[in-house]
Amino acid sequence: MPITENQSADTVLSIRDLNISLPKGADRALAVEDVSYEVKRGEIMCVVGESGSGKSMAANAVMGLLPKGVNATHGEILFEGQDLLALSEKQHRALRGLKIGMIFQEPMTALNPLMRVGAQIAEVFEAHGQFTPKERQARALELLIEVGIPQPEKAIRAYPFELSGGQRQRVMIAMALALEPILLIADEPTTALDVTTQAQILELIRDLQQRRGMSVMFITHDFGVVAEIANRVCVMRHGKIVELGDVKPVLENPQDAYTQALIAAIPSNAVPPHRETSQVAPLLEIKQLNKIFRSRGGFLKPSREVRALEDVSLTLARGETVGIVGESGSGKSTLGRCVVRLEHPDSGELLLDGVNLSQLKGDALRRERHRVQMIFQDPYASLNPRTKVGMAIAQGPIANGTPKAAALKQAGELLDMVGLGASAVERFPHEFSGGQRQRIGIARALALNPELIVADEAVSALDVSIQAQVLELLEELKQRLSLSLLFITHDLRVAAHICDRIVVMQHGRIVEQGSAEQIFLAPKEAYTQDLLKAIPGREAPVAATA
Amino acid sequence: MSFFARFAQNRGALVGLIILLLIIAMAILAPLLFPESPWRMVQRPFLPPLSQDGFPLGTDTMGRNVASGLMHGAWVSLLIGLVSTSVALLIGVPLGAIAGYYGGIIDDVLMRFTEFFQTIPNFALAIVLVAIMQPSITSIVLAIAIVSWPPVARLVRAEFMSLRNREYVEAARLVGQSNTTIILRQILPNTLSPIIVLASLMVATAILLESALSFLGLGDPNVMSWGYMIGAARTVIRQAWWLSFFPGVAILLTVLALNLVGEGLDDALNPKLSRER
């Protein structure tokens, strides 16, 4: 029995019994099945789900932007009494922008890189034949002021690359709001942004929504964001609605098992448990590490310097997990890449068990490589698409002199250990899901029995429930093999979950470091406090996890 | 699934392979079906196709048998196309791979060397080379290879530059694989698709380049080729269309077949596509 709700007078958008079919050969026949929900006047409706849940599909159908081969086969989408599914492309186009605005996930690619910001906003008016060119510019400026861009007179003449991610997303919002739509569709608008920026954008959307009395359909995978912004929420899984209702009851007392699991999977709700910090000799000592990136200057262009790391010092004990937390550009990834020596630090020492790795080169470096391994961020890019999984894991030991047969056998055992089964050896990476690939990446990192593993945003690209599983696996392996981990992440919630100690970085410097508990409960520095405050859904009511 | 079965799943590739096999069969059967030299004048000139028994495609300006020329020419054209492309790949791929992988000064030196070849017009260089070395199949193959490797080097370099910083390459570096292993095992297999596509086009260009050289009288005087036939027929194209039409169709079919086969090979070598179908 599909979950439905009664229609009332103040409904802006009403989706009824919607079925959307996927092309042949997809993993299921229907992208969404029997989906019915409404967006009422002046409310924020959050559609939540993990990747592949079909959460964006209904929104695409509303906008008439369904991809080729994907069609709405049943049901209706009523907007102001009109069935949007019955509209011609031309009628749809007239509606887009004018009555329904949309914001996308990736603010960089959603803007034309070769057009000034003002011209792009003016284009929205032009597309609907409104105002004279001069008025359009004036309107664009008003909009930029409204969305709170600093120095709007300058920003209007800027190209997208001159703006930060958050500012670009504000421009996108300005474009979506240009014609004062009744309904705003926001498809993961904050996923690509840093936490502090995300908090600002959420604030802006809520603010604009209230000021203009718009309705917002907000698509997200993050329950933290839901808690922060939603009036009502619709949880989707495998193309079906599993739960629908006001935000408070859903978050506090979820009825469906899947919703409960999703909410429980958010690492944020747990204040980090107290962990015994061991007082053994440090395994890794980083002393005064510096790294400056220089871009080669051109003919008339001065060279540019970016100080990615400035006098970074920290230690990591054997068997300890240290989290490096920071926003993009904080130098946290550069630090990780220096530790595994994918980057060459300019100065400073990297002592691993007393051996200085920082200045090794060539063959000497290659011989030490096996001691520090890395788990990469992108489960899709970190495996060679043309190499079988077993070989991908075995090539490390082979390069270090293990016979091929023995290395492949060990690869099978490792795959078993990370929960994929030894039969995975013969398969290619594309046959696995993102979470499974990340397990392969972990097995590969373990293959050389490293003393230290650097995990660079290892779970950031994964859905929350998968994220929880991979974190669990890491935790388990850590106990079993007494691994030492350097865990780099932008997500404080994840760091709280797995780290013994946390190091907070900003602009290439260490701002604060301490035990996880200490950082979360009693942050000393203002920046750390800001970061903590920006975590979405931190103060919102959330169900007690069973 | 075997490699051939994967290859055969692509219909076009199968058609291409069949055409290619037919052309090879033509080349092999030529001495049996037309034991006489294709250069011999055997009938009166300008005999249209199907007008007389034994001359299904007519005769050319000098009374030579077009069908015989076409079959004998298949061998030369294929040989020149395939061998010169292989030689060009042998020069271009390693140079491009090294330049793209190592970057820096090595890249600068190799690319300036490549540009040196690119600044000279292809055809002019080929003429000069053949003229110096005396026209023969070997010199033609070599000349064509020398003028056509720079684009290969450029393409491979660009692919290597974009692939060398992929995470899986970094992972390979981290586990201690040597540079040679990384180049051969990690990056090169992933550059195969564009190389195959380019190579199949290069075979076509080589056949055309040979025909242009023959047209200028720089072909191997001992062998009949499609290029020579078209070149010789150009002046009479309005009186005797069949003289340039049939060799032209032969070149078109060969190039098409090679492209289809190249595409099929690419699909068959790509693990992702082969299992999804």
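Descriptive notes on the structure:
- Selection within the range A:310-347: residues that are part of a loop (DSSP other than H, G, I, E, B) and among the hydroxyl-bearing types (Ser, Thr, Tyr). The member of this set that is nearest to the other protein chains (Cβ to nearest Cβ) is A:328.
- Residue in the range A:68-82 that is farther than 21 Å from residue A:172 by Cβ, under 27 Å from the mean Cα position of the chain (by Cα) and surrounded by 14 or more Cβ atoms within 10 Å (Cβ to Cβ) present: yes
- Test: residue in the range B:18-37 that is polar (S, T, N, Q) and within 22 Å of residue B:244 (Cα to Cα): yes
- Of all residues in the range A:397-409 being part of a helix (DSSP H, G or I) and under 10 Å from residue A:448 (Cβ atoms), the one that is nearest to the other protein chains (Cβ to nearest Cβ): A:399
- The single condition from (1) touching a strand residue (DSSP E or B) at 6+ places or on another chain (Cβ under 8 Å); (2) loosely packed, with under 15 Cβ neighbours inside 10 Å; (3) of a type outside the set (Ser, Thr, Tyr) that residue A:27 fails is (1).
- Residue check, residue B:250 among the hydrophobic types (A, V, I, L, M, F, W, C) and in contact with a Gly (Cβ under 8 Å, 6 or more places away or on another chain): yes
- Taking (1) assigned to a helix (DSSP H, G or I); (2) within 19 Å of residue B:40 (Cα to Cα); (3) touching a residue at least 40 places away in the same chain (Cβ under 8 Å) in turn, residue B:219 satisfies each apart from (1).
- Every listed requirement among (1) among the hydroxyl-bearing types (Ser, Thr, Tyr); (2) within 14 Å of chain A (Cβ to nearest Cβ); (3) touching a helix residue (DSSP H, G or I) at 6+ places or on another chain (Cβ under 6 Å) is met by residue B:211 save one, (2).
- Those residues of the range A:419-445 which are within 11 Å of chain B (Cβ to nearest Cβ) and surrounded by fewer than 23 Cβ atoms within 10 Å (Cβ to Cβ), in sequence order: A:427, A:428, A:430, A:431
- Helices (runs of 4 or more DSSP H) fully within the range A:416-507 that include at least 2 residues being touching a residue at least 60 places away in the same chain (Cβ under 8 Å) and closer than 22 Å to residue A:330 by Cβ: A:464-481, A:492-498.
Residues checked against (1) touching a residue at least 40 places away in the same chain (Cβ under 8 Å); (2) within 21 Å of residue A:231 (Cα to Cα):
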residue	(1), (2)
A:22	yes, no
A:35	yes, yes
A:45	yes, yes
A:67	no, no
A:73	yes, no
A:83	no, no
A:87	no, no
A:90	no, no
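Here's the yes/no breakdown for (1) over 23 Å from residue A:217 (Cβ atoms); (2) part of a helix (DSSP H, G or I):
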residue: A:129; (1), (2): yes, no
residue: A:135; (1), (2): yes, yes
residue: A:140; (1), (2): yes, yes
residue: A:172; (1), (2): no, yes
residue: A:186; (1), (2): no, no
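- Sole residue being surrounded by fewer than 23 Cβ atoms within 10 Å (Cβ to Cβ) and modelled with pLDDT of 90 or more, chosen from A:232, A:211: A:232
- Lone qualifier among B:141, B:109 - being away from chain A (no Cβ under 14 Å), farther than 30 Å from residue A:368 by Cα and free of Cβ contacts under 8 Å to residues at least 12 places away in the same chain: B:109
- Among residues of the range A:278-301, those that are in a loop (DSSP other than H, G, I, E, B), surrounded by 11 or more Cβ atoms within 10 Å (Cβ to Cβ) and either at pLDDT below 60 or among the aromatic types (Phe, Trp, Tyr) (or both), counted: 1
- In the range A:358-396, the residues that are in contact with an Asp or Glu (Cβ under 8 Å, 6 or more places away or on another chain), facing another protein chain (nearest Cβ under 9 Å) and either in a helix (DSSP H, G or I) or of a type in the set (Gly, Ala, Ser) (or both): A:381, A:382
- Conditions (1) in contact (Cβ under 8 Å) with a residue 60 or more places away in the chain; (2) over 30 Å from residue A:149 (Cβ atoms); (3) out of contact with any Phe, Trp or Tyr (no Cβ under 8 Å at 6 or more places or on another chain); (4) charged (D, E, K, R); number of the one not met by residue A:256: (1)
- Tally of residues being in a helix (DSSP H, G or I), more than 9 Å from chain A (Cβ to nearest Cβ) and under 20 Å from residue A:365 (Cα atoms) across the range B:156-193: 4
- Residue A:416 falls short on exactly one of the conditions (1) more than 24 Å from residue B:192 (Cα to Cα); (2) surrounded by fewer than 20 Cβ atoms within 10 Å (Cβ to Cβ); (3) within 12 Å of chain B (Cβ to nearest Cβ), and that condition is (3).
The values are calculated or read from the model by the stated rules, or taken from the named source; none is laboratory data. This structure is a prediction, so every number in the text was calculated from the model and none was measured. Neighbour counts are summed over all protein chains in view; Cβ atoms, including those assigned to glycine, are modelled from backbone coordinates with ideal geometry.
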